[in-house]
Amino acid sequence: MRTQYYTASSLDGFIATEDHSLEWLLQLGDIAETGYPDFIQSVGALAMGSSTYEWMLRHVVKPGSEAAWPYSQPTWVFSSRALPNVVGANILFVRGDVRPVHAHMLHAAAGKNIWLVGGGDLVGQFYDAGLLDEIIVQIGSVTLGAGKPLLPRRIAFPPLSLRSARAMGKGFAELRYDVPHKTDSRSADG
């Protein structure tokens, strides 16, 4: 059971443009050709920030469309403001410290992994609390020059530990990293 940040990033380290666009990502290939189909089967609970949730509402569960929420797993949305719910979806809106929410997520995941969908700042809060175990990033074959950073934290002493690297189609390289915990024998520089 691991808490994982699974995401895509541009080659220069951005998960979205400054205006939250993912058009750069959607042009790079079919999601079925990535590690996502296997990954999602191991997920028992999800967490995302309000910007990610609002992107999902605009692009996946569009107003007036027949599209349903794409996840059967319980999803925690961190937001300091009221957001619309998706009918029939198991979504819980929360705010504040990630630690007590993580404890509820562990219980709900029932032995499966927790997916931190994004954004980078929310993932950074899980890292700061010592709750992030793994980063899985699909590096896309584009540069954006600016945008929303992959993970706005300094993780350098000790560094992440690369577990694997593999090419995925013509547009991606998947990198898997174990995240050192602040309780490890060395201290993390966060």
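Values in this text are rule-based calculations from the coordinates and carry no lab data. Because the structure is predicted, anything quoted here is derived from the model rather than measured. We place every Cβ from the backbone using ideal geometry, glycine too, and count neighbours over all the protein chains shown.
Contact annotation: residue pairs with Cβ atoms under 6 Å, 6 or more positions apart or on different chains, pairing a residue in segment 41-56 that is outside any strand (DSSP E or B) with a partner that is surrounded by 24 or more Cβ atoms within 10 Å (Cβ to Cβ), are SER51/GLY119; THR52/GLY118; THR52/GLY119.
When ASP12 is tested against (1) part of a loop (DSSP other than H, G, I, E, B); (2) in contact with a Leu (Cβ under 7 Å, 6 or more places away or on another chain); (3) buried (at least 17 other Cβ atoms within 10 Å of the Cβ), only condition (3) is not met. Across segment 127-134, a minimum of one residue is classified as under 16 Å from the mean Cα position of the chain (by Cα) and in a helix (DSSP H, G or I). For segment 153-171, filtered to residues that are in a loop (DSSP other than H, G, I, E, B) and among the aliphatic types (A, V, I, L, M), the residue that is surrounded by the fewest Cβ atoms within 10 Å (Cβ to Cβ) is ALA156. Within segment 133-169, being farther than 19 Å from VAL179 by Cα and in contact (Cβ under 8 Å) with a residue 40 or more places away in the chain holds for GLY140, SER141, VAL142, THR143, LEU144, GLY145, ALA146, GLY147, LYS148, MET168, GLY169.
Are any residues in segment 107-117 within 16 Å of the chain's Cα centre (by Cα) and over 10 Å from VAL43 (Cβ atoms), and if so, which ones? Within segment 107-117, LEU116 is the sole residue that qualifies. Against the condition surrounded by 14 or more Cβ atoms within 10 Å (Cβ to Cβ) and not basic (Lys, Arg), how does GLY118 come out, does it pass? Yes; evaluated as a whole, the condition is true for this residue. Among the residues making up segment 22-34, those that are surrounded by 17 or more Cβ atoms within 10 Å (Cβ to Cβ) and either of a type in the set (Asp, Glu) or closer than 17 Å to ILE136 by Cα (or both) are LEU25, THR34. Summed over segment 72-105, residues that are surrounded by 16 or more Cβ atoms within 10 Å (Cβ to Cβ) and either among the acidic types (Asp, Glu) or in contact with a Leu (Cβ under 6 Å, 6 or more places away or on another chain) (or both) total 5. Among the residues of segment 18-40, how many are within 21 Å of PHE126 (Cβ to Cβ) and either touching an Asp or Glu at 6+ places or on another chain (Cβ under 7 Å) or not in a helix (DSSP H, G or I) (or both)? Count: 2.
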